[in-house]
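A short worksheet on the structure shown next.
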Amino acid sequence: MALLKIACMGNPVLRRKAAAVAEPDSEAMVRLVQDMRETLADSRGVGLAAPQVHNGVRLILFSVPGERNTEGAVPETVLFNPVIEPLAEETAFGWEGCLSVPRLRGLVPRWTHIGYRGLDASGRLVEREARGFHARVVQHEADHLDAMLYVDRMPHLGLLTFEEEMHNFRQGMNETAAGAPSSD
Ligand code: NI
């Protein structure tokens with residue numbers, strides 16, 4: 001096992017479309033999953049995609065803590081070749097951060113209700129429905145496989161803030177006109 005180096009915005013590896021994985025249970029993929037798991041735990045993030053650790057394959061890893069999800073915690077999930085479809089047209093703004101975009105947080109519109117599927121570490125089909133923060137995390141991580149960062153989804157960069165300014169940012173939003181996007 002090893003801690004992997006995380007690529008930050010500007011590194012071309014984050015801007016290349018990742019390749020589908022034919023054998024999730026191959027030796028190389030088993031090792032990659034282990035290393036990504038260790039790297040994610042060390043970084044205290046909620047999710048990680050393989051391109052973020054300089055590996056251009058369609059693999060994401062995430063878990064959703066119970067306090068951040070109305071439908072309870074989602075256990076650690078390994079997903080190869082994920083496919084997402086919206087189950088409703090509704091989108092909502094919510095805060096996101098990314099290990100590849102350190103120190104920043106942004107308000108990002110995402111579908112609020114999705115279905116997703118992919119293969120787990122043993123190559124078995126995983127198929128789920130997700131709402132709210134769970135749905136947000138899956139969309140964020142899957143975007144990495146298509147060379148997208150959350151900032152690319154933001155309608156304007158006025159919704160981007162440094163973490164240490166978040167309290168000021170929220171206060172500023174409360175003082176401005178209604179219609180500002182709400183956080184979840
Ligand atoms: Ni990210």
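We did not get these values from a lab; they are worked out from the coordinates using the rules stated. Keep in mind that this is a model prediction, so the values were computed, not measured. Using ideal geometry, Cβ is built from the backbone for each residue, glycine included, and neighbour counts are taken over all protein chains shown.
Quick look at the numbers
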{"quantity": "Options Arg124, Arg105; residue that is touching a residue at least 12 places away in the same chain (Cβ under 8 Å), among the basic types (Lys, Arg) and under 27 Å from Val33 (Cα atoms)", "calculated": "Arg105"}
{"quantity": "The stretch 152-165 - residue that is in contact with a strand residue (DSSP E or B) (Cβ under 6 Å, 6 or more places away or on another chain) and either over 19 Å from Glu89 (Cα atoms) or among the basic types (Lys, Arg) (or both) and, of those, nearest to the ligand (Cβ to nearest atom)", "calculated": "Arg153"}
{"quantity": "Residue count for the stretch 131-148, restricted to those that are near the ligand (Cβ under 10 Å from one of its atoms) and surrounded by 19 or more Cβ atoms within 10 Å (Cβ to Cβ)", "calculated": "5"}
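Each row is one residue, and each column tells you yes or no for (1) surrounded by fewer than 19 Cβ atoms within 10 Å (Cβ to Cβ); (2) more than 14 Å from the ligand (Cβ to nearest atom); (3) hydrophobic (A, V, I, L, M, F, W, C); (4) more than 14 Å from the chain's Cα centre (by Cα).
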position	(1), (2), (3), (4)
Gln34	yes, yes, no, yes
Asp42	yes, yes, no, yes
Gln52	no, no, no, no
Gly66	yes, yes, no, yes
Glu71	yes, yes, no, yes
Cys98	no, no, yes, no
Gly106	no, no, no, no
Arg117	yes, yes, no, yes
